[in-house]
1. Within the bounds of the range 29-44, is there any residue that is modelled with pLDDT of 85 or more and under 20 Å from Gln141 (Cα atoms)?
2. So which residues in the range 44-68 are surrounded by 12 or more Cβ atoms within 10 Å (Cβ to Cβ) and in a helix (DSSP H, G or I), if there are any at all?
3. Select from the range 135-146 the residues that are in contact with a Ser or Thr (Cβ under 7 Å, 6 or more places away or on another chain) and assigned to a loop (DSSP other than H, G, I, E, B) and list them in ascending order.
4. Report whether or not Val142 is at pLDDT 90 or above and either under 16 Å from Ala74 (Cα atoms) or more than 11 Å from the chain's Cα centre (by Cα) (or both).
5. Go through the range 97-123 and give me each residue that's free of Cβ contacts under 8 Å to residues at least 60 places away in the same chain and either crowded, with 20+ Cβ neighbours inside 10 Å or in a strand (DSSP E or B) (or both).
6. Being touching a strand residue (DSSP E or B) at 6+ places or on another chain (Cβ under 6 Å) and free of Cβ contacts under 8 Å to residues at least 12 places away in the same chain is true for just one of Ser81, Ser66, Ser62. Which residue is that?
7. Does the range 84-96 hold any residues that are in contact (Cβ under 8 Å) with a residue 12 or more places away in the chain, out of contact with any Ser or Thr (no Cβ under 6 Å at 6 or more places or on another chain) and of a type in the set (Lys, Arg), and which are they?
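The values are calculated or read from the model by the stated rules, or taken from the named source; none is laboratory data. All values reported here derive from a predicted model rather than from experimental measurement. Quick reminder, even Gly has a Cβ in these numbers, built from the backbone with ideal geometry, and neighbours come from all protein chains shown. We work out accessible area using only protein heavy atoms, side chains counted, and drop any ligands, DNA or RNA first. Shrake-Rupley method; radii C 1.70, N 1.55, O 1.52, S 1.80 Å.
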Amino acid sequence: MSDRGVSTVLDVVLGLLLVGLAAGVLVTSIPQPADPPTEDGTPSVLGSTLTVEYETAAGAHSVEASVGTLLGEAVMASHGSQTPRTAAFRSAVKRTVSSHLETHGLPVQLVGTCRGTESTDPLVVGPAPPGEQVVRATVYQVPAPASATEQCEPTVVVRRWSR
């Protein structure tokens, strides 16, 4: 092979090497999207059964239901006129569900509200999502109890993020 042939081969190899390095720099300099929250079963928290215990002047009360049902009933209890019993129930639901989330270390926040009304005070349980995390939110409609007389469609928003 002549000197010219060796020089051409070296030029081609050097050119490919430079193109490969440039492509590597471009790929590594493009910011990667944030990881979405993992599918670790956090939405199933609404199906967990809890017992809420609270006291009023009328005595001690205990309610056992799913987290979703408890949040829906607590939101409906705050809709319209509140009594000491409904206020105590709402407070006990918030305390019990919050404790449940902390015990299991779930990166989730639950927001209960009545859809279709403006006079409801949302019930927020769990920590606020970190500002730098990607947050997924899913809205669940909770069946209202058959005895409900208020025009309220209880819903629960599950907000979750990666740890």
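1. no
2. Val45, Leu46, Val67, Gly68
3. Hit for the range 135-146 is Val142, nothing else.
4. Values: at pLDDT 90 or above: no; either under 16 Å from Ala74 (Cα atoms) or more than 11 Å from the chain's Cα centre (by Cα) (or both): yes.
So Val142 fails the test.
5. Filtering the range 97-123 for residues free of Cβ contacts under 8 Å to residues at least 60 places away in the same chain gives 97-105, 109, 111-123.
Within the range 97-123, Val97, Leu101, Gln109, Val111, Gly112, Thr113, Cys114, Arg115, Leu123 qualify.
6. Exactly one residue qualifies, and that residue is Ser62.
7. The one that is in contact (Cβ under 8 Å) with a residue 12 or more places away in the chain, out of contact with any Ser or Thr (no Cβ under 6 Å at 6 or more places or on another chain) and of a type in the set (Lys, Arg): Lys94.
Conditions (1) closer than 30 Å to Ala58 by Cβ; (2) of a type in the set (Val, Ile, Thr); (3) modelled with pLDDT of 90 or more, marked per residue:
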residue: Ser91; (1), (2), (3): yes, no, yes
residue: Thr96; (1), (2), (3): yes, yes, yes
residue: His100; (1), (2), (3): yes, no, yes
residue: Pro107; (1), (2), (3): no, no, no
residue: Pro130; (1), (2), (3): no, no, no
residue: Glu150; (1), (2), (3): yes, no, no
residue: Pro154; (1), (2), (3): yes, no, no
residue: Arg159; (1), (2), (3): no, no, yes
